[in-house]
1. Once the piece of chain linking Asn8 and Gln29 is laid out straight, how much longer is it, given 0.36 nm per residue of separation minus the C-alpha distance between them?
2. For the stretch 160-169, take each phi angle, set θ = phi - 60°, evaluate the Karplus expression 6.51 cos²θ - 1.76 cosθ + 1.60, and give the result in whole Hz per residue in order, putting x for glycine and proline.
3. Could you give the alpha-carbon Rg of the stretch 1-72 over 2.2 N^0.38 Å, rounded to two decimals?
4. Obtain the nm distance between the two label points defined at Ser88 and Glu289 by a simple spin-label model: each point lies 7 Å from its Cα along the Cα-to-C-beta direction.
5. How big is the equivalent ellipsoid of the chain along its three axes, where each semi-axis is √(5λ) from the Cα gyration tensor, reported in whole Å from largest to smallest?
6. Give, rounded to the nearest 20 debye, the magnitude of the charge dipole that the stretch 28-154 has about its Cα centre when Lys and Arg contribute +1 at Cβ and Asp and Glu contribute -1 at Cβ.
7. In the stretch 81-135, what GluC sites (Glu not before Pro) fall in a loop by DSSP, with at most 13 other Cβ atoms inside 10 Å?
8. Given a 1.4 Å probe and every protein chain left where it sits, what share in percent of the accessible area of the chain is carbon and sulfur?
Amino acid sequence: MRDYTNINDLGNLQNAVKEAIEIKKNPLQHKTLGEGKTICLLFFNNSLRTRLSTQKAAQNLGMNVIVMNFGSEGWELEYEEGAIMNGSKSEHVKEAAKVIAQYCDIVAIRAFASLTDKEKDQAEIVMNSFKKYAGIPVVNMESATGHPLQALADAITMEEYKTVHKPKVVLSWAPHPKALPQAVANSFVEMMQLHDADFVITHPEGYELDPEITKLSTIEHDQEKAFENADFVYVKNWSSFKDYGRVMNSDSAWMVTTEKMKLTNNAKFMHCLPVRRNVIVADAVIDSENSIVIQQANNRTFSAQMVLKKILESNG
Ligand code: CP
């Protein structure tokens, strides 16, 4: 595997999950694999889990880690070919990516969707420019359209907590005051499509995700019906894809409550975090013993470690 920008880059998800669980048993078992290698973690947006878990994963493999908050500390980058750079953008990605690649062996990037320019977001300008110009492996730490490190951590967590061979898994939209990207939901759907599970997406009308991504999935607009007999309830807000970036509905009736969780098969509650309590989910649910959000966040380390190990093994 050269790059990790989509869950499908793993090849076989089930093998990747098994390997991550093996790594988790002894996280330092490959501590010399990354000796003498450096990873640059570039953050164009804020982070808690991705920043710390990816750094920890790289250190567990013996790598040197350079972290840069590019969004606040770097020069503003130009991505357009042939741009006349007489505005606010000080450096072209052509130079920036090539320079960064001289300092490291792998570059990992967080660059959220603008939610204002659908075409540019869909084209993954930042991720693809680094892929094109850096010439070294690129890891997606959440891009405009996907968060595959999160999706792998979610798959590991479900493997650890499932009690039946083919669980019912529900991805539920929930309200949020701000416009959020579709990235986490997209990667979760792509990951679930590689699973033997009864998978249902539930959201209000108007919140359809990219139909190219959801075309193989069941969509149910009645949230309570979707929750019936669920083994896992994965909750996430996203803004409209069709009416791009719009918050069309902040209906608190979609918040996840104890009453709704009672409809499930004693389901585990999942969320990628950060989460807005009593907006997305009631305190009583996230504080219950069925909530596995902290365990899910812990698996971000083993997700990143599995991915970095695979890249190091493939790229010498
Ligand atoms: N889930 C996740 O990516 O968390 P951070 O935004 O804090 O990195």
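The values are calculated or read from the model by the stated rules, or taken from the named source; none is laboratory data. Fair warning: this is a prediction, and the values are worked out from it, not measured in the lab. As a convention, Cβ positions derive from the backbone with ideal geometry for all residues, glycine included, and neighbour counts pool all protein chains shown. Accessible surface areas use protein heavy atoms only, side chains included; no ligands, DNA or RNA. Shrake-Rupley method; radii C 1.70, N 1.55, O 1.52, S 1.80 Å.
1. Values: separation 21, 0.36 × 21 = 7.56 nm, distance 2.58 nm.
Additional length available on full extension: 5.0 nm.
2. Once θ is set to phi - 60°, the couplings for the stretch 160-169 become 6, 9, 6, 10, 10, 4, 10, x, 8, 10 Hz.
3. Values: Rg = 13.5 Å, N = 72, 2.2 N^0.38 = 11.2 Å.
Compared with the compact-globule rule of thumb, the stretch 1-72 sits at 1.21.
4. With each label point 7 Å from Cα toward Cβ, the separation is 5.2 nm.
5. Details: eigenvalues 211, 121, 50 Å².
Values for the chain, descending: 32, 25, 16 Å.
6. Details: 13 positive and 15 negative charges, 97 e Å.
Roughly 460 debye, rounded to the nearest 20.
7. Working: sites: Glu81, Glu91, Glu95, Glu119, Glu124; in loops: Glu81, Glu124.
Passing sites in the stretch 81-135 are Glu81.
8. Working: 6600 of 13990 Å².
Ligands and nucleic acids excluded, carbon and sulfur reach 47 percent.
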